[in-house]
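Visitor: Submitted below is the structure of interest, expressed as structure tokens.
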Amino acid sequence: MTSLRKFENGVLTIGTFAAAALWIFPLYWAFITSMRSEDRVVSKEAGVLPDEFNPAAYIDILWNTNLVSWYINSIGTAVIITFTVIVSGMMCAYAISQMRFPGRRILYGVVLASFMVPSQALVVTQFILMNDMGLINTWAGIILPQLIVPVVIIVYKQFFDAVPKEMREAVVLDGGGDYTLLFKVYLPLNWGITTALGIITFIMAWNQFLWPFLAVTTEDKMTIPVGITQVNDAFGVFYARLMSVALLGAMPVAIAYLIFQKKVTEAVMISSGVKG
Amino acid sequence: MGITLRNVSKSFGALGVVHDVSLDIPTGDFAVFVGPSGCGKSTLLRMIAGLEETTAGSISIEGRDVTEVEPAKREVAMVFQSYALYPHLTVFENMAFSLRLKKTPKAQVNDMVQEAARILHLEEQLQKRPSELSGGQRQRVAIGRAIVRKPKVFLFDEPLSNLDAELRVQMRLELAKLHREIGATMIYVTHDQVEAMTLADRIFVLKKGVLQQAGKPLDLYDDPHNQFVGGFIGSPAMNFLPGRVVARQGGMIRVALDGLGTELSAKSDASVAEGTAIKIGIRPEHLVPTEGGFEAVVDMAEDLGGVSYLHARLATGKDIVVELRGRRENFDGRKISLSADAGEVLLFAEDGSRLR
């Protein structure tokens, strides 16, 4: 290795470390902040290095807030949203991709069009609708507006379109109908994308803030991202507690991500159009 | 009768792809639909399978009119060119798929799959997935999937065209043996006339959606109904030369070959007037080097050992092929004089129809 090459490698390594530090620092800062007492967090002595191991913030969060309910709400709604979005999206995509019926193209056009509407533009109407239906402060109120995920239909349709026609004809000759085709052939053939879409939908639902924030006003029905806002009170902001609840809220998603890392990468590559 | 088609037609919108085809395939026959690509042979097969609707006419299987019957209830099984195996299932599950859909008892499924695996020598592969198999094995699994259904008719849509040449020959033999072993009616679609000749009990030649001729392979070879069949069946293809009738007597017609200054005789009772423009057809193996025939210059000789193919050019600029057996001279670049026995010369009218 020439000395120039060594120098280049050294610079690159330092650069990479710097970038990594930049990314990790907020997490690190959140962690050491959550391990300090509220007084120390705002004192002049609080430095960059960890100097205290004080789980008071965590204990306070666990005992004095509805964290357990928030977890249950977050997990419950995210799981129901993920399951419903994947199953309905898959069936809709199958119909658009494989079945011949009048209005098929128009239906796909509607799906594509709904993809173009930013969800924020709909929150007011959705709120009025959910309120009229009496669903504010219920799981159903949190879940229903989040069930519309056109990108799931679009991705599934592309994958179903790519299944060879003969595969379908073989099943038809074997005496299988559309349910056999979808659940015994098209779904197993596309397990990879199903897992990937599932994880992405789950993370999206888990991180959703704006809609659950509007749809829920009572503390026991809140999801974790909304719950974080409840840690403050009239006397100000409690940084250590805020950071501890944020870390606790992010944990399940981080764990899920680590388990399904490869599939998520796959899904991101698909949605950015570089399908491998 | 195994399969009967009566005046069957198919069109996609305004585009007609199969025109008024009527044919009969006796039970247990191996029938081959052959023709150039786009001749409608695959469409015809898919119509028998029920994968394409029939625009006009009727299709019967074992005496039952199935024209309007859905594919699964026609008792046919199809083997696709791309195999269409389910990649997520093992070989066993691929073969058992249709039986499971019919809710066949487990023990029976096992027996039927094992039996098919035995016939096709797939016993060792049953727990593998299709991606772990070679092309030939995949093809066998596809056939196995058809066998377990015990259909009245097997339909093969160019099943060997994805295999390499050696494997194709081997699978061809296996298919012929399989047919002998299970004795079911089979229809096989191919554009390869060698496959057609070697496999078929009965060949159906199609062109542009019209049935040109049906019959035993050698009947088609020796006695084609028209120029298309004559040219399509046989490899290398039949040579066609333009000419003019000069005399007709005693079951013989003498033809002057255009631009070659020679005459050839053909056995024929056809009533064609002297001076009529016609075409003669001679197979490569029937052209023999003789003194006083028409002359050709050999461009290239393919010497294959037992047989040599001479690719030669006539004075008119037309290329012909001559087949010689057991010759050892090198003909490259040489001028040869050719003729043919009157019994081997076929006559075709200008429109391509045969003059007998």
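Visitor: Measuring from label point to label point, each 7 Å out along Cα→Cβ, what is the B:Arg334 to B:Glu181 span in nm?
Guide: Reported label-point gap for B:Arg334 and B:Glu181 is 4.9 nm.
Visitor: Another question about this same structure. In a solvent-free Debye calculation with one equal scatterer on each Cα, what is log10 I(q)/I(0) for chain B at q = 0.07, 0.08, 0.13, 0.14 Å⁻¹, listed in the order of the q values?
Guide: -0.40, -0.51, -1.03, -1.11
Visitor: Follow-up. For A:Glu45, project a label point 7 Å along Cα to C-beta. Then give me every residue of segment A:235-260 with its amide nitrogen under 18 Å of that point.
Guide: Those under the cut-off are A:240.
Visitor: Please give the FRET efficiency for B:Ala256 paired with B:Asp223, using the beta carbon to beta carbon distance and R0 = 35 Å, rounded to the nearest 0.05. Don't jump to the answer; show the numbers that get you there.
Guide: Values: r = 25 Å, r/R0 = 0.71.
Taking R0 as 35 Å, the efficiency between B:Ala256 and B:Asp223 is 0.90.
Visitor: Non-local amide H neighbours of B:Val17 (under 5 Å, H modeled in plane, Pro and chain starts lacking H): which ones?
Guide: B:Lys10, B:Ser11, B:Phe12
Visitor: So what is the relative contact order of segment B:3-232, in percent, for Cα pairs below 8 Å that sit 6 or more residues apart?
Guide: Values: 418 pairs, mean separation 66.0, N = 230.
For segment B:3-232, the relative contact order is 29 percent.
Visitor: Using alpha carbons only, what's the Rg to Rh ratio of chain A with Rh from Kirkwood?
Guide: Values: Rg = 23.9 Å, Rh = 22.2 Å.
Here the Rg-to-Rh quotient is 1.08.
Visitor: Only helical DSSP H runs with n ≥ 4 go in: add -39500 (n - 2.57) per run for chain B, normalise by residue count and round the 222 nm mean residue ellipticity to 500 deg cm²/dmol.
Guide: Working: 8 runs with 84 residues, N = 356.
Result for chain B: -7000 deg cm²/dmol, rounded to the nearest 500.
Visitor: Working from the pairwise distances between different alpha carbons, so that the mean of 1/r is found and then inverted, what is segment B:239-355's Kirkwood radius in Å?
Guide: Computed over segment B:239-355, the radius equals 14.6 Å.
Visitor: Bin width 5 Å, origin at 0, all Cα-Cα pairs of segment B:173-247: what percent of pairs per bin?
Guide: 3, 13, 24, 21, 15, 11, 6, 3, 2, 2, 1
Visitor: While we're here: Projected area of the protein assembly as shown, taken from the Cα convex hull and averaged over every viewing direction, in nm²?
Guide: Values: hull surface 189.4 nm².
The number I arrive at for the protein assembly as shown is 47.3 nm².
Visitor: Let me ask you something else. What FRET efficiency would be calculated for the residue pair A:Leu210, A:Ile14, taking the C-beta separation as r and a Förster radius of 35 Å, to the nearest 0.05?
Guide: Working: r = 40 Å, r/R0 = 1.14.
E between A:Leu210 and A:Ile14, to the nearest 0.05, is 0.30.
Visitor: What share of the DSSP beta bridges in the protein assembly as shown is antiparallel, in percent to the nearest 5?
Guide: Details: 64 of 82 bridges.
If I count the DSSP bridges inside the protein assembly as shown, around 80 percent turn out antiparallel.
Visitor: Please turn the phi angles of segment A:127-139 into ³J(HN,Hα) values with the Karplus equation 6.51 cos²θ - 1.76 cosθ + 1.60 (θ = phi - 60°), one per residue in order, whole Hz, x for glycine and proline.
Guide: Per-residue couplings from phi come out as 4, 4, 4, 5, 5, 4, 7, x, 9, 5, 6, 10, 4 Hz.
Visitor: First measure r as the distance between the Cβ atoms of B:Ser271 and B:Glu75, then evaluate 1/(1 + (r/R0)^6) with R0 = 45 Å and state the FRET efficiency to the nearest 0.05. Can you show the working numbers first?
Guide: On the way: r = 49 Å, r/R0 = 1.09.
Once rounded, the FRET efficiency stands at 0.40.
Visitor: How are the Cα pair distances of segment B:95-146 distributed, in percent, across 10 Å bins from 0?
Guide: Using 10 Å bins, I get a P(r) of 26, 56, 18, 0 for segment B:95-146.
Visitor: List the pairs from A:Lys157/B:Lys177; B:Lys216/B:Lys267; A:Lys184/B:Lys207; B:Lys10/B:Lys106; B:Lys10/B:Lys318 whose alpha-carbon separation is above 31 Å, in the order I gave them. The partial results should precede the final answer.
Guide: Details: A:Lys157/B:Lys177 43 Å; B:Lys216/B:Lys267 23 Å; A:Lys184/B:Lys207 39 Å; B:Lys10/B:Lys106 41 Å; B:Lys10/B:Lys318 38 Å.
Going by Cα-Cα distance, A:Lys157/B:Lys177; A:Lys184/B:Lys207; B:Lys10/B:Lys106; B:Lys10/B:Lys318 fall outside the 31 Å limit.
Visitor: Per-residue HN-Hα couplings for segment A:154-163, Karplus 6.51 cos²θ - 1.76 cosθ + 1.60 at θ = phi - 60°, whole Hz, x for Gly and Pro?
Guide: Per residue, the Karplus-derived 3J(HN,Hα) values read 5, 5, 4, 4, 4, 6, 5, 4, 7, 6 Hz.
Visitor: Any chance you could run the full-extension gain for A:Ile75 through A:Gln261? It's 0.36 nm times the residue separation minus the Cα-Cα distance, nm to one decimal.
Guide: Details: separation 186, 0.36 × 186 = 66.96 nm, distance 1.94 nm.
Here the answer is 65.0 nm.
Visitor: Shape of segment A:144-191 from its Cα gyration tensor (a ≥ b ≥ c, root eigenvalues): rounded if a/c is under 1.5, otherwise prolate when a/b > b/c, or oblate?
Guide: Details: a/c = 3.15, a/b = 2.03, b/c = 1.55.
It is prolate, given that a/c is not under 1.5 and a/b is the larger ratio.
Where a number appears in this text, it was derived from the coordinates with a stated rule and is not lab data. These numbers come from a predicted model, not from an experiment. Don't worry about glycine lacking a Cβ; one is built from the backbone with ideal geometry, like all the others, and counts go over all protein chains shown.
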